[in-house]
Amino acid sequence: MRPRIPDNSLAIVRNLGILAHVDAGKTTVTERMLYLAGATYKRGEVHDGTTVTDFDPQERDRGITIFAAAVSCSWDGHRVNLIDTPGHVDFSDEVERSLRVLDGAIAVFDAVAGVEPQTESVWRLADRYDVPRIAFVNKLDRAGADLDTAVESIRRRLHKAPLVVQLPIGQEDRFTGVVDLVRMRSLAWADGACSAGPVPEDLLAQARRRRRVLEESVAELHAGALEEFCARPSISDETLAGALRDLTHSGAGLVVLCGAAYRDRGIEPLLDAVVAYLPSPLDVPPVRGVDGAERAADPGAPLVALAFKVNATATGRLTYVRVYSGTMRKGDTILVTGLDTGAGRTERVSRILRVQADRHTEVDRAVAGDIVAVVGLKSARLGATLCAPGAPLVLEPPGTAEPVVSVAIEARRSTDADRLASGLARLTEEDPSLAVRTDAETGQTLLSGMGELHLEVAVDKLRREHVLDVAVGRPQVAHRERVVRGVSGLLYRHVRQDGGAGQFAHVVLDVEPLDDGFEFGSTVVGGRVPREYVRAVAAGCRDALADGPLGGHPVTGLRVTLTDGATHPKDSSDLAFRTAGRLALREALRAAAMELLEPVVEVTVTVPDDAAGGVLGDLAARRGRISGSSARAGAVVITAVVPLAEVFGYATRLRSRTQGRGTFTTRPAGYAAAR
């Protein structure tokens with residue numbers, strides 16, 4: 001019998017996210033986990049709009065997850081905190097903010113499609129934050145489902161060593177259970193109940209063969225398992241389970257389970273795997289501040305927490321936080337710090353809420369390892385660090401992608417202009433991947449985001465929650481300008497004398513192409529331009545990158561070198577050299593050869609065989625470059641790189657060309673020269 005673990009021990013906590021491509025079954029997996037753990041009394045269904053985590057009206061209308069939702073349940077004496085994340089590419093920032101605060105994740109794969117485009121995107125995000133993962137191959141009851149094919153796609157496209165710990169019993173609609181290869185037993189489901197038994201005779205030889213393959217794979221990656229593998233005929237169940245846990249924590253291997261969540265098959269062993277293999281807060285490295293200071297997961301240490309989600313409602317602000325160290329109590333005074341908050345401000349914690357999607361339960365405190373919502377914080381923005389006033393620390397905030405699509409938005413009634421500004425401010429506070437700016441030439445208010453659906457959701461939120469009647473213009477993409485051929489020896493002299501102290505700065509710049517980004521350097525010798533003025537020239541050059549000569553778009557892909565210059569004993573200053581740097585680079589860009597860049601996306605289209613020719617022609621007409629095609633169960637999967645501007649409205653076009661049988665997904669592929 002497993003020894004009892006104290007209720008307040010961090011060893012019983014699991015903080016994990018559910019990751020996958022859209023429609024792989026993340027929300028259904030989450031719902032079944034909550035139901036089997038006793039956190040809900042009824043199974044929620046996506047198609048009925050009755051799920052716990054997809055509680056927003058837009059999520060229920062569209063049938064997809066848009067906003068990350070936190071829920072909790074208990075399993076085998078452990079507390080499992082779950083975050084169900086979006087699968088659509090437009091909401092990748094929501095996934096990244098969740099991954100920043102999680103200790104582990106379940107990656108859900110479709111047994112027919114295997115690794116899909118957005119799966120790769122969220123996988124890379126999880127790699128960025130070193131989040132340990134296990135895999136669940138879902139929908140084994142579908143026609144064309146094949147565990148081995150899905151596992152091979154994981155090996156080939158994610159470059160992971162899959163460690164398959166289950167063997168399906170039956171295929172497609174005859175899928176009834178799995179063989180547990182670690183304990184060599186069968187798990188079968190009938191009428192929603194799971195029963196354990198011996199391995200079926202007709203599968204015994206195959207199960208033994210796969211168990212041996214599992215042992216060999218683990219022994220190749222784990223020293224302790226290798227020692228036992230060489231010394232004994234086989235690895236013991238206990239050693240194998242311990243090695244799988246170690247390999248999951250280190251990321252050297254990926255434990256793979258399987259099932260059919262919609263039919264309640266495979267969820268109990270998945271919960272067991274969460275407890276057995278994914279780390280607790282004690283198993284992950286101490287959290288590290290931007291200054292290198294570390295804090296361990298200790299309830300008795302000074303408080304450190306990170307705000308990863310903000311809901312700015314009409315009745316107040318809910319700040320969702322992950323507590324890494326220390327204890328936060330109701331009524332405590334805390335310090336809010338961050339990379340963009342200066343010295344920080346002190347705030348009082350009014351209430352602490354345990355979150356169950358859109359329902360909340362008030363608690364008196366939150367300890368290290370907890371994910372809770374805090375009421376009463378006015379200055380804490382997404383990415384801010386909450387810490388003890390006597391022990392300040394700043395944590396690295398989650399990354400935010402740059403918006404690539406914009407629409408013009410205005411209130412239909414002039415009297416609603418102020419309410420629209422307030423609503424847009426609230427949207428950008430909740431979602432930093434949205435941006436609002438005013439076009440200098442037209443005076444229009446532009447709302448920018450990660451894609452067409454992202455902006456549709458934001459506008460719909462304005463209409464529903466803020467009761468605003470708004471007009472929306474056609475989406476526009478965010479172009480860039482890049483240097484193709486540079487210039488050298490460009491001399492610029494900035495002289496200004498209009499009474500009082502004058503301005504004098506003399507600079508000579510070389511500008512050359514760079515693959516991406518911006519670099520600044522200086523080769524000035526002999527002190528002709530003092531170091532502080534060199535920094536001012538660099539700042540001025542960065543100012544000039546905001547609007548390029550082709551169309552006023554941001555400039556990227558260049559290296560600027562300050563090669564010479566001169567100063568005046570009285571009139572030279574930081575301001576003079578910053579101005580000179582800005583104006584000199586603008587002049588250099590006008591003299592250089594430039595090209596216009598536009599955002600492109602990788603489009604994966606799945607269509608019936610008889611419609612493939614028309615779809616290929618349509619993609620070519622949209623300036624798409626076909627990068628591959630493959631056959632899959634009576635369908636053709638086409639991959640192409642297409643300008644983002646050409647993808648607007650493509651869903652309607654594809655439906656009409658394929659009589660509603662075609663589907664497509666996109667993911668960002670950077671920028672390319674506009675053609």
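Counting only Cβ charges, +1 for Lys and Arg and -1 for Asp and Glu, the dipole size of region 590-656 around its Cα centre is about 100 debye.
For the listed residue pairs 42/139; 160/330; 26/330; 160/378; 42/378; 26/461, the alpha carbons are over 32 angstrom apart in 160/330; 26/330; 160/378; 42/378.
When the Cα positions of 163, 121, 630 are compared along the charge dipole of the chain, 121 comes out farthest toward the positive end, with charges on each C-beta of Lys, Arg, Asp and Glu.
Per residue of the chain, what 222 nm ellipticity follows from adding -39500 (n - 2.57) for every DSSP H run with n ≥ 4, rounded to the nearest 500?
When only DSSP H runs of four or more count, the value is -8500 deg cm²/dmol.
Charges were assigned to the Cβ only: +1 to each Lys and Arg, -1 to each Asp and Glu. The resulting dipole of region 543-635 about its Cα centre is roughly 160 debye.
Relative contact order for the chain: 9 percent, from Cα pairs under 8 Å spaced at least 6 residues apart, divided by residue count. Derived from the Cα gyration tensor, the three semi-axes of the equivalent ellipsoid of region 497-563 are 24, 18, 9 Å, largest first. Taken about its Cα centre, the chain carries a charge dipole of roughly 640 debye when the Cβ of each Lys and Arg holds +1 and the Cβ of each Asp and Glu holds -1. With the highest mean first, a sort of the peptides 250-257, 217-224 on other beta-carbon atoms found within 10 angstrom per residue produces 250-257, 217-224. Screening the chain for DSSP H helices whose Cα atoms reach 18 Å or more along their own axis and whose mean Kyte hydropathy is at least -0.5 gives 237-250, 417-430, 531-544, 574-591. Our note on the geometry: Cα centres of region 392-465 and region 108-152, 33 Å apart. Solvent-accessible surface of region 159-306, averaged per residue with a 1.4 angstrom probe and all protein chains in place: 45 square angstrom. Sort region 469-619 into rounded, prolate or oblate with this rule: let a ≥ b ≥ c be the square roots of the eigenvalues of the Cα gyration tensor; rounded if a/c is under 1.5, and if a/c is not under 1.5, prolate when a/b is larger than b/c, oblate otherwise. Since a/c reaches 1.5 and a/b is larger than b/c, the shape of region 469-619 is classed as prolate. Surface composition of the chain: carbon plus sulfur atoms hold 48% of the accessible area, using a 1.4 angstrom probe and ignoring ligands, DNA and RNA. Using only the Cα atoms of region 236-322, build the gyration tensor, take square roots of its eigenvalues as a ≥ b ≥ c, and label the shape rounded, prolate or oblate: rounded if a/c is under 1.5, else prolate if a/b is larger than b/c, else oblate. Note, shape of region 236-322 comes out oblate. On the principal axes of its alpha carbon atoms, region 444-490 extends 58, 20, 16 Å, with the longest extent given first.
The values are calculated or read from the model by the stated rules, or taken from the named source; none is laboratory data. Predicted model, so just to flag it, every value in this text is computed and none were measured. Heads up, the Cβs are rebuilt from the backbone with ideal geometry, glycines too, and the neighbour counts pull from every protein chain shown. We work out accessible area using only protein heavy atoms, side chains counted, and drop any ligands, DNA or RNA first. Shrake-Rupley method; radii C 1.70, N 1.55, O 1.52, S 1.80 Å.
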